[in-house]
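The structure appears right after this line, and notes come after that.
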Amino acid sequence: MIKKLMIAALLAAGIVSGKAYELSHPCLLHTEADFEYAKSHLGEEPFASALKKLKGSQYCKTSYRPSPVEYLARLDATNWKDLNSRWENAGIADLWYEGIHNNYTQFMRDAAAAYQLALLYKLEGNRTAAEASKNILVEWSKKNKGILVNRAGEIIDPNERLIMFQPYQMAVAAEMLRDYNGWGLGSEFKGVVEWLDKSFYWVAKAQLDLQNASGGGHYWQNWDLASMTTILALGILADKESYITEAIDYYKGKGGGPGNILKGVPYLHRDPDSEEMLGQGNELGRDQGHNTLCASVLGTFCQMGLAIGEDLFAYDDYRALKFAEYVAKYNLAQASLYPDPMQNFTAMGVGSSDKDFVYPHSGFPYTSYTYGDGGVMSEPSQASRGMVRPGWDCWAGYANDHGLSAIYSCEMAERIRPDGGGGQYSTNSGGFDQIGFSTLMNYRPYRAPEAADTQKFECIADTWVREDSPRIVNGSTGKIELKKNEIQDDDKNVVGANYHIGLMTFTYHPAAGREIERGTLHLVTERVKGGDVSVYAYPNDFNEATANWDTERTFLAAVGAPITSFTAAGQKGKSIYDGGISEDNCNLAAWTNDVDITEYLQTLPEGTAHVSFMLRQDGDQVCFFSKDNQGQANAFAGTAGATNLLASELKPYLEVKYVEVVKPDEDEEKGDEEEPGTGEDEPGGEPEEPGDVENPDTPDDPSEDAGVEAFEGEMQQAEYYTLQGLKIPTPRAGEYYIVKSGDKVMKTIYLEK
């Protein structure tokens with residue numbers, strides 16, 4: 001079943017814009033291609049063990065029967081367990097019975113069973129399992145009237161919003177059963193969809209609306225994720241464009257709470273043990289139970305987007321993946337602490353002290369922050385550290401399938417593979433709040449990326465410092481300010497000047513064996529008053545948290561000519577978000593600076609890991625948006641077509657465009673076969689050797705034999721990297737490789753297919 005949806009937004013000026021989604025059902029978390037891939041590998045590992053784990057679950061029995069309730073409740077036991085004045089005041093005393101306050105546990109168990117049985121049907125064609133799953137959904141749709149509310153139809157306890165961890169699981173199960181006996185075309189399916197929509201959409205929406213109104217600050221990230229995932233699931237199941245838009249827009253920077261990925265992962269840090277970036281999450285300083293829950297549910301949310309063609313993993317330069325990497329690394333325990341195999345693992349945590357973990361607590365980069373009832377959180381919380389939750393093959397599978405480095409997610413996935421689902425980790429809600437079985441549906445081996453025509457490199461450190469306040473660090477949140485202030489004597493004579501300078505560092509792993517056609521430093525102007533900006537190659541590393549003028553004085557005194565200079569784009573005397581901007585400046589392009597730094601990048605040696613720049617202006621103030629810009633610039637306010645710009649649109653980056661590398665034509669490479677002694681240059685001479693093992697041909701003139709021999713001969717001494725700079729375990733035919741010994745580049749080779 002294929003349906004096209006136009007996800008459209010009517011802007012203030014009356015301009016309609018949007019994105020068309022082609023929904024090819026099933027496309028809620030899993031696609032038909034996903035099912036076919038899994039089915040074709042069920043006889044192999046890790047799929048065979050993963051299927052065994054599914055079939056061993058008590059919630060994947062075809063004899064399973066549901067326990068629906070009329071009104072769902074997840075209420076605080078202190079206030080609601082017993083019949084009291086609260087029930088009377090809410091006007092629902094007649095609905096009370098022993099245990100009603102936490103009857104959501106029946107829902108969570110039945111939701112897990114509905115999903116697991118539907119999954120068994122899709123993978124093995126087990127029609128009895130499909131019938132049992134369908135029965136769960138139908139019985140709930142007939143009996144349940146949603147959550148327990150007061151006489152005014154209002155939520156009576158905030159904890160009821162946490163019931164949203166279950167509706168999306170029910171929706172995924174219904175989606176998988178569409179093709180069972182044509183069920184997706186009948187009245188029962190329609191009844192299930194209407195029940196889920198009517199009963200739970202308004203609850204999830206109320207959570208996001210509350211966050212939008214308040215700007216967040218109280219409810220943690222997992223609350224938002226539960227509601228966002230339910231809304232997205234209902235939108236896909238019911239073909240409702242507005243729901244899909246609502247959930248994805250909230251995630252992509254427009255949400256008021258930490259379900260907005262820019263608020264949920266507010267800080268990025270360079271990993272001290274690799275070239276990766278780690279994303280510090282909203283609940284990292286709270287405890288690891290909730291922090292790992294966020295990783296599991298966020299992976300499901302992003303996978304749902306991927307199933308409809310919206311790559312939410314990749315949004316804002318893979319911010320979600322950086323978050324998963326931090327969660328995985330901090331909770332990665334020593335391998336010996338995990339059962340092998342993981343078939344009978346029923347606990348939810350491993351490790352009890354810092355020595356039980358691979359990476360010590362003290363070594364993690366961290367920014368202190370304050371949030372909600374958590375107060376000031378000055379370090380990663382060690383509470384519940386080592387929590388094991390399913391879902392890590394969702395992250396690892398995505399990274400491997402896209403040729404991305406995700407060191408810690410992949411290692412965590414390997415530790416707990418094969419993962420299970422509801423009922424296989426705990427009998428309480430923590431064991432059911434994530435859907436699980438990611439090994440079975442998401443495991444993918446590493447696939448080296450193809451060479452891209454262009455690459456983008458993110459800014460990993462930026463700040464600005466002032467000469468007139470040498471010991472004051474000016475954090476880069478929001479912008480980097482450049483300025484030259486004249487110093488005057490009492491008679492108004494100019495006797496000197498002081499500067500505000502900017503410092504920026506970018507990751508930089510250029511593709512091996514490819515020539516750079518153009519390198520661009522991309523900056524967006526926040527404010528401009530005039531004056532040219534000079535860009536200097538900056539040779540030093542700097543710490544953006546401690547950078548100050550004293551540490552930059554030596555470099556600035558000795559600095560030579562800049563590598564380039566440019567005039568900042570934008571309307572003089574204005575900020576990008578000011579009202580009254582002229583019509584020709586009323587677009588993002590008018591504030592965008594694409595600075596040509598091609599010649600400088602071409603001089604950098606192979607193996608360069610990152611590049612840094614100093615920015616200086618000999619005139620009035622110029623400000624550029626930084627990597628840490630949070631939220632949105634209310635750009636072009638008061639003008640026709642007014643709109644907001646997302647933080648992701650304003651961040652600095654490097655872009656490199658490559659000259660196309662033409663591989664030798666197969667016929668040209670082989671050449672005409674000649675008898676010994678008939679070569680044109682050396683009549684009567686010996687035939688030419690295929691290649692010199694000690695000095696193999698370059699990628700422009702590859703030699704298959706020499707390349708393979710060189711690779712095998714140095715296997716023990718060298719490190720091997722793909723053209724994307726990612727370490728891989730085995731050589732792959734049809735790829736260029738940099739062969740390194742330590743930091744020294746030994747040679748570049750090409751392995752023929």
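The values are calculated or read from the model by the stated rules, or taken from the named source; none is laboratory data. Model, not experiment: these values are computed from the prediction. With ideal geometry, Cβ positions are generated from the backbone for all residues, glycine too; neighbour counts draw on all protein chains shown. To get the accessible areas, we keep the full protein, side chains included, count just its heavy atoms, and leave off ligands, DNA and RNA. Shrake-Rupley method; radii C 1.70, N 1.55, O 1.52, S 1.80 Å.
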Discussion item. With θ taken as phi - 60° and the coefficients 6.51, -1.76 and 1.60, list the Karplus ³J(HN,Hα) couplings across the range 445-455 in order, rounded to whole Hz; mark glycine and proline as x.
Written reply: x, 5, 10, 4, x, 6, 5, 8, 5, 9, 10
Worksheet entry | Sparsely packed GluC sites (Glu not before Pro) within the range 141-178, loop by DSSP, other Cβ within 10 Å at most 11 | 154
Worksheet item: Pairs 252/574; 52/322; 329/627; 61/81; 134/252; 263/574: which exceed 29 Å Cα-Cα?
Response: 52/322; 61/81; 134/252
Item to complete: With +1 on each Lys and Arg Cβ and -1 on each Asp and Glu Cβ, and nothing else charged, work out how big the dipole of the range 239-298 is about its Cα centre, in Debye to the nearest 20.
Response: 260 debye
Item to complete: Could you please state how large a percent of the accessible area of the range 462-617 is carbon and sulfur, counting protein chains only and using a 1.4 Å probe?
Response: 44 percent
Discussion item. Before I look further, what does the range 235-381 give for accessible area per residue, probe 1.4 Å, in whole square angstrom?
Written reply: 32 Å²
Discussion item. Quick check for you: with a 1.4 Å probe and neighbouring chains kept, what is the accessible area per residue of the range 50-185, in Å²?
Written reply: 39 Å²
Practice prompt. In nm, give the distance between the simple-model label positions of residue 653 and residue 344, each being 7 Å from the Cα along the Cα-to-Cβ direction.
Written response: 4.9 nm
Worksheet entry | Surface share of carbon and sulfur [accessible, 1.4 angstrom probe, percent] for the range 123-168 | 41 percent
Worksheet item: What shape does the range 71-155 have by the C-alpha gyration tensor, where a ≥ b ≥ c are the square roots of the eigenvalues, rounded means a/c under 1.5, and otherwise prolate means a/b greater than b/c and oblate the rest?
Response: prolate
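Just to confirm, what accessible area per residue do you get for the range 404-511 at 1.4 Å probe, in whole Å²?
On the way: 4210 Å² over 108 residues.
Heavy-atom SASA per residue in the range 404-511 reads 39 Å².
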Worksheet item: Give or take rounding to whole Å, what are the principal axis extents of the alpha carbon atoms in the range 12-153, in descending order?
Response: 59, 56, 26
Response to the item:
Per DSSP, the loop-located chymotrypsin sites (Phe, Trp or Tyr not before Pro) within the range 516-619 having at most 10 other beta carbons within 10 Å are none
Item to complete: Mind listing the long-range amide H neighbours of residue 564? Cut-off is under 5 Å, sequence gap 5 or more, other chains count too, H placed in the peptide plane at 1.01 Å from N.
Response: 535
Practice prompt. Go through the range 506-592 and name the trypsin sites (Lys or Arg not before Pro) that are in a DSSP coil and have 16 or fewer other Cβ atoms within 10 Å of their Cβ.
Written response: 529, 572
Fill in: Whole-Å distance, taken between Cα centres, linking the range 480-539 and the range 574-613
11 Å
